[in-house]
Each structure stands twice: as C-alpha cells, then as structure tokens.
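Please read the structure below before turning to the comments.
Bear in mind that the values in this text are calculations on the coordinates, not laboratory data. Computed from a predicted model, the values in this text were never measured in an experiment. Every residue, glycine as well, gets a Cβ built from its backbone with ideal geometry; the counts of neighbours run over all protein chains shown.
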Amino acid sequence: MKLVDIEAVEPGQTLGRTIFSANGTVLLSAGVQLTVFMISTLKRLGVTMVYISDPMFQDVTIEEVLSETTKHAVIKQMSEAFDALRSGKPFNAKAISMSVNQLLEDVMRNQNVLVQLSDIRTADNAMYIHAMNVCMMSTLVGLNMGLNMIQLKELAIGALLHDIGKLDAPEREKEEGRFHHAWRGFEMLKMKREYSLLSAHVAFQHHEWVNGTGQPRGLTGDEIHLYSKIVAVANTYDNLLYDLSEGKRILPHEAIERLNALSETQLDRSVLIEFLRIVSVYPNGISVRLSNRQTGVVVGQHRGLPGRPIVRVIDKSGDEAIGATEIDLSQHPTIFIEAVLL
C-alpha cells in the first residue's frame, strides 16, 4: 500500500488501512473500494492523507506498536471519558486505567518496533488519536530511559490525559496562568484518587519549556518533572505532524528537524535523543525521490538507522511496470532521500 494525498485518490481505488470514528468504531474498513461519495465524505471529515492498496506494493505493511484491538479500546474509553466530562459528569477512571494497562502490554511486547503514526485522522477523532499516540510514544521513551512498570503506568496515564483541561477551558485568545488548559487539567486530575499525583503533574507541566518560556508557570530545567519532559517531546512531534486546527501537515523528517531545533530551548536534549531512537523518519508507504534521481516507495525500516530505509523502485517500459528493484539505503551510503513525494 501507498500513502496518498486525499486530493489524488480516485474512485475505484482500495483503502489500505481502516479509518476509525470518534468513538472507536470502524468508519471505513481496509479493503473497501472507494466511491466518489466516500472520498468526498473523507474530505469533509478533514482527512488529508489515506493509505491506498497498490498491486506493486501489496506486501508493504506497517509494523505497529499497538494492535487494532488496543487502539479501539483506548479510543473508545477516551471518547466515553470526554463525553462524560462535557456533560458535567465524572469519567470512569478505572476504565481508563484498564485501557492503559492494555496499551502498556503492547508497548512492552513491541518495544523494538519503530513508531510510524499511520492512523488516519478526522476532525472528530483527532483528539483521541493524538492522546493515544502521545501516550504510546511517551511510554516507549520512558521504557528506554529505564523507568519501572509503576513509573510507566504513571507516565502513561498522564500522557493519555495530558489535554483533558481543554474540555473545561474557556475560549480565550491566549491561555495563561490558571486559565491555561494545563493548569485546568491538573486541577481535574489531582482529584482522581485512583491516579498518582505525578500523573496530574504531566498535564500540569507538558507545556513548560526547559528555558523557562513555557506555560503556565514558566518552570525551568530540573523544576520540570521527567514525565512532563517526555510528554512535551511526544506532544510537540504529534502536533507538528497533524495540526488539523490550522489545516497544516508536515512530514516526519521535517518534524524531526524542528524538534532538533528546539533542543535545550523548549525540549530536554536527553529526552529528545531517546525519542529520535523510536520514530521512523520515512514511514513505510511514503513515496520518495532518491539522490540518483530514481523515485520509489519506502517498504522497510532499520531499527538502528531510521533515516536509511529500504526503498522499492518500479522498473518501467514506457508507462508499464515490468519489475521492481529494492535499494537498501543502509547498504548504499552514497544514495540519499532527496525529497518526499505526495
């Protein structure tokens, strides 16, 4: 399958990956043949990219840290919790905790899998997928930094609920101090006796920057808890990739460049180093142009060399595909990815 801009999708093409609705149910299943109505509906829902099945890349899959079952459970519980809060009711802390346990099991099982954020987002499900991804990436980083299971659970709960204060935040041009969603999230989570106070501090501090220019309290360096430093990196990365609020989207390699530029100003360098070890720079299914002027699709990854994937180039005679050649960039040090093609 290939990752394709929604504007380039044509009726009759086959969806390569399932799209979830806001409550965790399936909106469109992988394998469905797309119609004009489906494509226009996806555009209306805010979908910008989709995975499409392609005969020349049928074997290309995306190795996932989280299973479909876990994703469904986490999104469902997040949806139910946020719906309860919007209605002025308490959310089910135990149910959230159980879904976090399920997520942690997947992370422990697949801790050597490079992160490729491939779930298709809509305006309705973006908040939940964002929370799930920040949680998953944060726990992977925490695991690599030697946190034990109790600490990972505290980190995971805080990461999953880091934006909970947005539900209770007033509409303001600029969030500051006690009006910032981070402060409001802390006030909400510290009342949950089921959770560690450190989980509440993740919500409190995830917008604090190491140079003291963050919100809501302008903390610096060691005043910011490690959990919050981890979530700050994961949160910034996911926001860079999928900023649906402004209709912008940048690619993983561009987001990583921006993260590096924020090292030791906004983001903790030691955390950032560990984060860059878990993410795929060029995810499977993305089309690229190589420095030798060939174009192809990324079909494989290297754990230790995330910027040097395997690229499949289609050999053609005119417009007809006659075969394929795979170029493993880890074995060809003089060939580089020059551009990502969408």
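Report, in degrees rounded to the nearest 10, the 0 to 90 angle that the Cα long axis of helix 93-109 makes with the longest principal axis of the chain. For 93-109 against the chain, the angle is about 40 degrees. From helices alone, the chain scores -11500 deg cm²/dmol at 222 nm; the rule is -39500 (n - 2.57) for each run of n ≥ 4 DSSP H residues, then divide by the residue total.
In terms of overall dimensions, region 2-57 has a Cα radius of gyration and Dmax of 10.6, 34 angstrom. Short-range pairs are left out: with C-alpha atoms under 8 Å and at least six residues apart, the relative contact order of region 203-307 is 20 percent.
Could you tell me which GluC sites (Glu not before Pro) in region 1-87 are loop residues by DSSP with no more than 10 other beta carbons within 10 angstrom of their beta carbon? Spell out each step's value before the answer.
Numbers: sites: Glu7, Glu63, Glu64, Glu68, Glu80; in loops: Glu63, Glu64.
Sites meeting the loop and neighbour criteria: none at all.
The mean sequence separation of alpha-carbon pairs under 8 Å and at least six residues apart, normalised by the residue count of region 2-57, gives a relative contact order of 50 percent. For Lys94, the aspartates and glutamates whose Cα comes closer than 18 Å to its Cα, not counting residues fewer than 8 places off in the same chain, are Glu80, Asp83, Glu105, Glu154, Glu194.
Go through 258-265, 43-50 and give me the packing order, highest mean Cβ count within 10 Å leading.
Descending mean neighbour count gives 43-50, 258-265.
From most to least packed by mean Cβ count within 10 Å, the peptides 281-290, 141-150, 203-212 give 203-212, 281-290, 141-150. Region 199-245 and region 16-49 have Cα centres spaced 32 Å apart.
Rounded to the nearest 10 degrees, the inclination of helix 252-261 to the longest alpha-carbon principal axis of the chain is 50 degrees. Across the chain, the relative contact order, built from alpha-carbon pairs under 8 Å that are at least six residues apart, equals 14 percent. On C-alpha positions alone, give me the angle between the axis of helix 68-86 and the longest principal axis of the chain, in degrees, nearest 10. Taking the Cα atoms of the chain, the angle to 68-86 is about 40 degrees.
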